[in-house]
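Chemist: Take this structure, written in structure tokens, and hold onto it; I'll ask about it next.
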Amino acid sequence: MAKRSTRQKRAIEQVLHHARGPLSARQIQAKASELCGSLSLATVYRIVATGAEAGDLVTVHLEDNVTRYEDKNRKHHHHFLCEDCEEVIDIQLPCETLAHRLPEGYAVTRHEITLYGRCAECA
Ligand SMILES: [Zn+2]
Ligand SMILES: [Zn+2]
């Protein structure tokens with residue numbers, strides 16, 4: 001069992017490492033099973049839950065209520081969600097000046113920005 005689950009965990013890590021954006025458990029299952037053979041959705045959920053608990057990956061919650069997972073090592077970025085196919089990709093935005101819009105005395109500690117629209121395939 002140990003060997004097989006290690007292979008499955010590595011496959012999931014690989015998939016998340018190379019992904020263009022955060023992936024749902026079903027997307028992870030589809031891509032990781034190409035690398036490690038059969039992989040049930042329940043196994044994906046177990047591995048990502050353990051990974052999230054250990055801080056090895058990050059859960060992403062957007063407006064569509066699908067839980068997605070991403071590599072914890074990605075540097076600061078934002079997301080684009082295709083409203084047709086629900087694909088999410090990472091995007092960089094010039095967000096450094098956002099805090100300048102705050103009323104005096106307010107300070108930003110963190111922010112999240114999501115753009116919604118259609119991906120190249122759905123447009
Ligand atoms: Zn799309
Ligand atoms: Zn930002």
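The values are calculated or read from the model by the stated rules, or taken from the named source; none is laboratory data. Here the structure is a predicted model, which means the values were calculated and not measured. Cβ coordinates were reconstructed from backbone atoms using ideal geometry, including for glycine residues, and neighbour counts include every protein chain displayed. For accessibility, only protein heavy atoms count, side chains too; no ligands or nucleic acids. Shrake-Rupley method; radii C 1.70, N 1.55, O 1.52, S 1.80 Å.
Chemist: Every residue in the stretch 67-92 that is over 14 Å from residue 22 (Cβ atoms) and either more than 13 Å from ligand 2 (Cβ to nearest atom) or open to solvent by less than 50 Å² (accessible area, probe 1.4 Å) (or both), please.
Modeler: 83, 84, 85 - these are the residues of the stretch 67-92 that are over 14 Å from residue 22 (Cβ atoms) and either more than 13 Å from ligand 2 (Cβ to nearest atom) or open to solvent by less than 50 Å² (accessible area, probe 1.4 Å) (or both).
Chemist: Collect the residues in the stretch 94-123 that are at pLDDT 90 or above and of a type in the set (Lys, Arg), keeping them in residue-number order.
Modeler: 110, 118
Chemist: Determine, yes or no, whether residue 29 is of a type outside the set (Phe, Trp, Tyr), open to solvent by less than 60 Å² (accessible area, probe 1.4 Å), more than 28 Å from residue 115 (Cα to Cα) and not assigned by TED's automatic domain parsing to the domain that holds residue 112.
Modeler: On the way: of a type outside the set (Phe, Trp, Tyr): yes; open to solvent by less than 60 Å² (accessible area, probe 1.4 Å): yes; more than 28 Å from residue 115 (Cα to Cα): no; not assigned by TED's automatic domain parsing to the domain that holds residue 112: yes.
Here the answer is no, as residue 29 does not meet what is asked.
Matching residues to (1) within 14 Å of the chain's Cα centre (by Cα); (2) part of a loop (DSSP other than H, G, I, E, B); (3) within 24 Å of residue 51 (Cα to Cα); (4) not assigned by TED's automatic domain parsing to the domain that holds residue 17:
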{"site": "86", "(1), (2), (3), (4)": "yes, yes, yes, yes"}
{"site": "93", "(1), (2), (3), (4)": "no, yes, no, yes"}
{"site": "96", "(1), (2), (3), (4)": "no, yes, no, yes"}
{"site": "99", "(1), (2), (3), (4)": "no, no, no, yes"}
{"site": "103", "(1), (2), (3), (4)": "no, yes, no, yes"}
{"site": "107", "(1), (2), (3), (4)": "no, yes, no, yes"}
{"site": "112", "(1), (2), (3), (4)": "yes, yes, yes, yes"}
{"site": "122", "(1), (2), (3), (4)": "no, yes, no, yes"}
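Chemist: For the stretch 37-75, what are the residues that are under 23 Å from residue 117 (Cβ atoms), touching a residue at least 24 places away in the same chain (Cβ under 8 Å) and not hydrophobic (A, V, I, L, M, F, W, C)?
Modeler: 63, 67, 68, 69, 70
Chemist: Out of the residues in the stretch 106-123 that are open to solvent by 80 Å² or more (accessible area, probe 1.4 Å) and free of Cβ contacts under 8 Å to residues at least 12 places away in the same chain, which is nearest to ligand 2 (Cβ to nearest atom)? Quick ask: steps written out before the conclusion?
Modeler: First pass over the stretch 106-123, keeping only residues open to solvent by 80 Å² or more (accessible area, probe 1.4 Å): 106-107, 109-110, 112, 116, 118, 120-121, 123.
Within this subset, residues satisfying the condition of being free of Cβ contacts under 8 Å to residues at least 12 places away in the same chain are 106-107, 109-110, 120, 123.
Numbers: 106: 17, 107: 15, 109: 12, 110: 9, 120: 23, 123: 24 Å.
Per the stated criteria, the residue is 110.
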